[in-house]
Amino acid sequence: MDNLRGSKRPVETILVTKGNRALVAGGTNLTASNGNVNIADGQLLIGNVVTNKAITAGNTPTQAPIVRVYQGTNTSNDIPASREYPAAKRPYEVSGPILGNNVTVYTGKAYENPVRSAWTIGKASGSGVGEIVAADETAYTLNIALRGRRVDEFHSSVHGVPVMSYEYTTPEYSVLTAIADKEDHLIQNLAWKINRNSREFSFDSPSYGATFPVIALAIDSAGGSGVLLNSAVGTTIPIIATSAGNKGIIINDDYFATFAALIASGDVPATATVELIDVATAGSATCDQIVLVALDERLAIVDRNKSTKIRLEVGAIKGFEDSLVVASKSVDSFEGQGTYRQWKLFYDNTAGQRKYNQYRGFELQNIEYPDSLVPGEKYNAYIIEHFSSNHTDFTGISNSPLKTIILVPTGDTVTKASLEATLNPYLAPLPAVTL
């Protein structure tokens, strides 16, 4: 296969579907009688280059030796409307010619949700060794270090790892009988110190900084009056009480995947709730664990760095060692696969520049060629690596590698089924792709 691919970089075509539509029916002409294109916006047509008609599911290279994959745009049915300033929009997008015998790789990449780095301090109550135990007049300290591509780049001049140390010294619990649960009192006060410096929350005092990309959750492993850790996307979780009111987070896809992985790790049970941290009433709840979750990097206005995740390293020292409490890495950070931002960056660096290559430079005068990617969408990808042999060099025929990438939203089941029913037979005997 390497001889067929050659050493040249493949030329990518990125096609993006939407609308949950089946492929254009077999036998349909690419062009209509009025000169428009017989493809809806975001719909696909796999066309026989010889007949200029859509192929039928089940066709093989015997029936259609050369095909192209077409994607409709919002001007497919009104070509005069494609004349937009400053860059006209194509009435359709199209792949390079795909010869059934010239396909080297056919594969699929399913969407995978990004996950944040998360650590757990202390075992759940009743699990024995490793539970957080609060002693009188003892300093409890957590060291939190940050790692990641951007972190390394920002601190590369000193080869350092940014570390924050948080400490809380407990009172003499034996004489403070009003504190019903001393472990809850310790956990809430230590978590409050971490959150007052988190950029997720803002406090009245400017001296708090609020720049550290970490949040601390006070966990009741058995379930208390707070919000379930494994709540659905869109649920609001109050985390900390401030003079400006309660502050918290809304569970998005990243948090949901992180909390699911946290529970799957076994470090936090499914019954766990996130309790409101309120130092005025600390000790009245039954929190027994602390969960630390990394925030994403903040993006610049024009940001081409693919990495957004921060990886935590946590050490439980001073005070925790007496009860054999350790900091457990419960969830590794993961950038995800198939996010809108990832494909947008890839498109801008490849296919986008082949359509209009002057958009890089002085960004305030940025002109970008229109694309079909939808912000916030999640994509499964079908990838066809193929080549054409239309050029000669001094040693004979020169193969020109091509790559056709078809992006289908994860919720688009109709397009997915129709595309696989057409591509899998046509590209056999390469293994079928089912996402």
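The values are calculated or read from the model by the stated rules, or taken from the named source; none is laboratory data. In this text the structure is predicted, and so the values were computed from the model without any measurement. Glycine gets a Cβ as well: all are built from the backbone with ideal geometry, and neighbour counts include every protein chain shown.
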| message | Cβ-Cβ distance below 8 Å, separation of 6 or more or different chains: which pairs start in the range 319-339 with a residue that is hydrophobic (A, V, I, L, M, F, W, C) and end on one that is surrounded by 20 or more Cβ atoms within 10 Å (Cβ to Cβ) and at pLDDT below 90? | response | Val325/Ala316; Val326/Ala316; Val326/Phe320; Ala327/Ala316
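Taking Phe203, is it modelled with pLDDT under 95 and farther than 28 Å from Val325 by Cα?
Numbers: modelled with pLDDT under 95: yes; farther than 28 Å from Val325 by Cα: yes.
Yes: the conditions hold for Phe203.
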| query | Scanning the range 55-97 for residues that are without any contact (Cβ under 8 Å) to a residue 40 or more places away in the chain and surrounded by 20 or more Cβ atoms within 10 Å (Cβ to Cβ), which turns out nearest to Ser388 (Cα to Cα)? | reply | Gly72
| field | Single unsatisfied condition, Val105 versus (1) buried (at least 16 other Cβ atoms within 10 Å of the Cβ); (2) under 30 Å from the mean Cα position of the chain (by Cα) | value | (1)
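Going by what's in this entry, would Gly96 be described as on the phi > 0 side of the Ramachandran plot and among the small types (Gly, Ala, Ser)?
Details: on the phi > 0 side of the Ramachandran plot: no; among the small types (Gly, Ala, Ser): yes.
Against the criterion (on the phi > 0 side of the Ramachandran plot and among the small types (Gly, Ala, Ser)), Gly96 does not qualify.
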| query | Of the residues Gln342, Gln289, which single one is over 20 Å from Arg147 (Cα atoms), at pLDDT 95 or above and assigned by TED's automatic domain parsing to the domain that holds Thr13? | reply | Gln342
| Candidate set: the range 416-435, residues that are out of contact with any Asp or Glu (no Cβ under 7 Å at 6 or more places or on another chain) and polar (S, T, N, Q); chosen: the one nearest to Lys378 (Cα to Cα) | Ser418
| remark: Per the list (1) out of contact with any Gly (no Cβ under 7 Å at 6 or more places or on another chain); (2) at pLDDT 95 or above, residue check on Ala244 breaks on (2)
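Looking only at the range 58-65, decide whether some residue is within 19 Å of Ser418 (Cβ to Cβ) and of a type in the set (Val, Ile, Thr). Show your work before the answer.
To start, the set of residues in the range 58-65 that are within 19 Å of Ser418 (Cβ to Cβ) comprises 58-60, 63-64.
Next, from what is left, pick out any that are of a type in the set (Val, Ile, Thr): 60.
Yes.
Examine the range 71-79 for a residue that is of a type in the set (D, E, K, R) and assigned by TED's automatic domain parsing to the domain that holds Tyr255, and state whether such a residue exists.
Start the filter on the range 71-79 by keeping residues that are of a type in the set (D, E, K, R), which leaves 78.
Checking which are assigned by TED's automatic domain parsing to the domain that holds Tyr255 leaves us with none.
No, that holds for no residue.
Conditions tested, residue by residue: (1) closer than 27 Å to Gly148 by Cα; (2) in the same structural domain as Asp136 (by TED's automatic domain parsing); (3) modelled with pLDDT under 95.
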{"residue": "Asp184", "(1), (2), (3)": "no, yes, no"}
{"residue": "Ala191", "(1), (2), (3)": "yes, yes, no"}
{"residue": "Arg196", "(1), (2), (3)": "yes, yes, yes"}
{"residue": "Ala210", "(1), (2), (3)": "yes, yes, yes"}
{"residue": "Leu229", "(1), (2), (3)": "yes, yes, no"}
{"residue": "Gly234", "(1), (2), (3)": "no, yes, no"}
| query | Which of the residues belonging to the range 136-167 are surrounded by fewer than 15 Cβ atoms within 10 Å (Cβ to Cβ), in contact (Cβ under 8 Å) with a residue 40 or more places away in the chain and in a loop (DSSP other than H, G, I, E, B)? | reply | Val161
| message | Among the residues that make up the range 28-35, is at least one of them under 27 Å from Thr413 (Cβ atoms), touching a helix residue (DSSP H, G or I) at 6+ places or on another chain (Cβ under 9 Å) and either not in a loop (DSSP other than H, G, I, E, B) or not aromatic (Phe, Trp, Tyr) (or both)? | response | no
| said: So in the range 1-17, with the set limited to residues that are over 24 Å from Ala432 (Cβ atoms) and surrounded by 13 or more Cβ atoms within 10 Å (Cβ to Cβ), which one is modelled with the lowest pLDDT? | reply: Gly6
| Does the range 352-367 include one or more residues that are outside any loop (DSSP other than H, G, I, E, B), at pLDDT 95 or above and in the same structural domain as Pro409 (by TED's automatic domain parsing)? | no
| said: I'd like to check something: does the range 137-145 contain any residue that is outside the structural domain of Gln342 (by TED's automatic domain parsing), modelled with pLDDT under 95 and closer than 16 Å to Phe334 by Cβ? | reply: no
| Whichever residue in the range 172-196 is farther than 18 Å from Ser243 by Cα and of a type in the set (S, T, N, Q) and, among such residues, is surrounded by the fewest Cβ atoms within 10 Å (Cβ to Cβ) | Thr177
| task | Please tell me if Gly100 is surrounded by fewer than 17 Cβ atoms within 10 Å (Cβ to Cβ), at pLDDT below 95 and under 16 Å from His386 (Cβ atoms). | result | no
| Using beta carbons and a limit of 7 Å, which pairs, at least six apart or on different chains, have the first residue in the range 238-260 and over 16 Å from Gly376 (Cα atoms) and the second one surrounded by 16 or more Cβ atoms within 10 Å (Cβ to Cβ) and charged (D, E, K, R)? | Ile239/Lys247; Ile240/Lys247; Ala241/Asp278; Ile249/Glu200; Thr258/Arg116
